[in-house]
Amino acid sequence: MTASAVRTVRVPPELSARVPPARRDAVRLITGRRSTGEVSHHAFRALPRLLCAGDVLVVNTSPTLPAAVDGVLAGEAVVVHFSTRRDDGRWAVELRTPDGRGTTRARPGGPAGAVVALAGGGRLVLDAPLAAGSDRLWLATVAPADTVAYLRRNGRPIRYGYTERDQPLAAYRTVFSVPSADGLGSAEMPGAGRPFTAGMVAALVSRGVQVAPLTLHTGVASAQAHEPPYPERFAVPESTARLVNAARAGGGRVIAVGTTAVRALESAADEGGRVRAARGWTDLVVTPERGTRVVDGLLTGLHEPEASHLLMLAAVAGVELLDRVYAEAVRERYRWHEFGDVNLLLP
């Protein structure tokens, strides 16, 4: 991806969407078609006529957690972003420094053994960095043990400095989100699904577009750090595997809603592109060199030019088309980030 001109695109700060739109579907949609190289501009409400009967939209049903909690570490105020619960019960967490404006800035993690006193009587102990060579995310032992219930009482949605103010948790949940049996969810919203409304879903279904659910609980993706994604928990149900396989056999297209849906679905596919029911952890990173085996198209937000997500977008769309889409998005003043406009990449 280093050859892509997207890396050199400058996104002016004023193009960051600072608050949610008045209506979820009141966003713009920039579309790129790989077969022709054409880039076109639409209202998001035009999505049903851009898709075809027999297409399958694969959506992430993970709900967003109130994953940010205030704390104190050795007399210093910190904000803890809870990222992912591991199988041993520990959490991957990111410690950040309050910036005095209601948001946070990056800080080094650690040290090992440090104790963070959390709001509402919680407590965590930093055990070790999650990954060698990086001190941003740390594994931590948290009390109380029912950390999800604790977050519901004491947490708030994670937000970054480009937003104007705190928003209620409902603003960070999509129409597709459903409670998981174990109460887990995503540290940050699977944002590509945010513009959808119940009416939009009905319009798609009436057109013959099928909607297939899966789950991937996404961890934190700090705006200051653009590492590849860490392993994340996912589940692809048998019903979705059948829908996707039938669509591919019948000539339909598989359109993922969000990079999280791509990661989960591609993790459940064999080398021939046949999807099976699967659950567990995925460390898959989709790159142009690997390509996609199942996903034909992608509906996604607009990502920072340095973001590792662009490797996946290039795998779906090709570098040349992606460059053209991002250049036009800046020129036409599209809005970035989770409350912003969206991008549809078609084969």
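The values are calculated or read from the model by the stated rules, or taken from the named source; none is laboratory data. Please read all numbers here as calculations on a predicted model, not as lab measurements. Every residue, glycine as well, gets a Cβ built from its backbone with ideal geometry; the counts of neighbours run over all protein chains shown.
Within the stretch 161-177, one or more residues are within 28 Å of Asp99 (Cα to Cα), at pLDDT 95 or above and among the small types (Gly, Ala, Ser). Here is the figure for the stretch 40-56: residues that are surrounded by fewer than 17 Cβ atoms within 10 Å (Cβ to Cβ) and either in contact with an Asp or Glu (Cβ under 9 Å, 6 or more places away or on another chain) or not assigned by TED's automatic domain parsing to the domain that holds Glu332 (or both) total 2. Of the strands (runs of 3 or more DSSP E) lying entirely inside the stretch 108-150, the ones with 2 or more residues being at pLDDT 95 or above and of a type in the set (D, E, K, R) are found at 123-131. Consider Ala203 carefully, then state whether it is within 19 Å of Arg49 (Cβ to Cβ) and either in contact with a helix residue (DSSP H, G or I) (Cβ under 7 Å, 6 or more places away or on another chain) or crowded, with 18+ Cβ neighbours inside 10 Å (or both). Yes, satisfied.
None of Val27, Val19, Val59, Val11 is surrounded by fewer than 14 Cβ atoms within 10 Å (Cβ to Cβ), closer than 30 Å to Arg165 by Cβ, within 20 Å of the chain's Cα centre (by Cα) and assigned by TED's automatic domain parsing to the domain that holds Phe196 except Val19. Of the residues examined, Ser177 is one that is within 17 Å of the chain's Cα centre (by Cα) and within 30 Å of Arg335 (Cβ to Cβ).
The residue pairs whose first member lies in the stretch 279-299 and is without any contact (Cβ under 8 Å) to a residue 40 or more places away in the chain, whose second member is of a type in the set (Ser, Thr, Tyr), and whose beta carbons are closer than 7 Å, counting only pairs six or more residues apart or on different chains, are Leu284/Ser267; Val286/Thr292.
Of all residues in the stretch 227-238, those satisfying the criterion of being under 15 Å from Pro190 (Cα atoms) and surrounded by 22 or more Cβ atoms within 10 Å (Cβ to Cβ) are Glu232, Arg233, Phe234.
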